[in-house]
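K.L.:
I have a structure here, written as structure tokens, and I will follow up with some questions on it.
The values are calculated or read from the model by the stated rules, or taken from the named source; none is laboratory data. Since we're looking at a predicted model, the values are computed, not measured. Positions of Cβ are backbone-derived with ideal geometry, glycine not excepted, and every protein chain shown enters the neighbour counts. These accessible areas exclude ligands, DNA and RNA; they are computed on the full protein's heavy atoms, side chains included. Shrake-Rupley method; radii C 1.70, N 1.55, O 1.52, S 1.80 Å.
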Amino acid sequence: MTARPAPTLANGRPFPTEDSEGARAASGVNARGESYGTDLHSTSEADTPDLIAVVATNGANGYLRNSELMAAEPAPTSPDEPIPTPTVDWLPVYRSDGVTVIGYFDVGQ
């Protein structure tokens, strides 16, 4: 079985665990009831935050909506199937409020 590679940014940097000043990526629940933070320690879809910490192509630290990422990156239906091509090229990167767009994430990389 071939494991699906971990998503990375267009410039090759992994999802952030710290912001640009070295502080841990923020996590919590926003006013809309959405969880936000890193998915580095997630072992299942159930413990993955609604908003996943990323660095946008403009260098801004923000969050991808997990539901948008899952829709854009369909999983293979069998171990023998190649990884499907993403359905979109770019996804918005939000502040932790899940509303304010601060940049974009290159899904195709």
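K.L.:
When the residues of segment 51-106 are narrowed to those that are in contact with a Ser or Thr (Cβ under 7 Å, 6 or more places away or on another chain), open to solvent by 30 Å² or more (accessible area, probe 1.4 Å) and at pLDDT 85 or above, which ends up nearest to GLY33 (Cα to Cα)?
P.N.:
ASN61
K.L.:
Identify the single condition in (1) farther than 20 Å from GLU45 by Cα; (2) part of a strand (DSSP E or B) that ASN58 does not satisfy, given that it satisfies every other one.
P.N.:
All conditions pass for ASN58, except number (2).
K.L.:
Additional query: If the requirement is being open to solvent by less than 40 Å² (accessible area, probe 1.4 Å), over 13 Å from the mean Cα position of the chain (by Cα) and modelled with pLDDT under 90, which of these qualifies: GLY12, GLY28?
P.N.:
GLY28
K.L.:
Follow-up question, since we're still on this one. Given the conditions (1) closer than 21 Å to GLY108 by Cα; (2) open to solvent by 40 Å² or more (accessible area, probe 1.4 Å); (3) among the aliphatic types (A, V, I, L, M), which single one is not true for ALA46?
P.N.:
All conditions are met except number (1).
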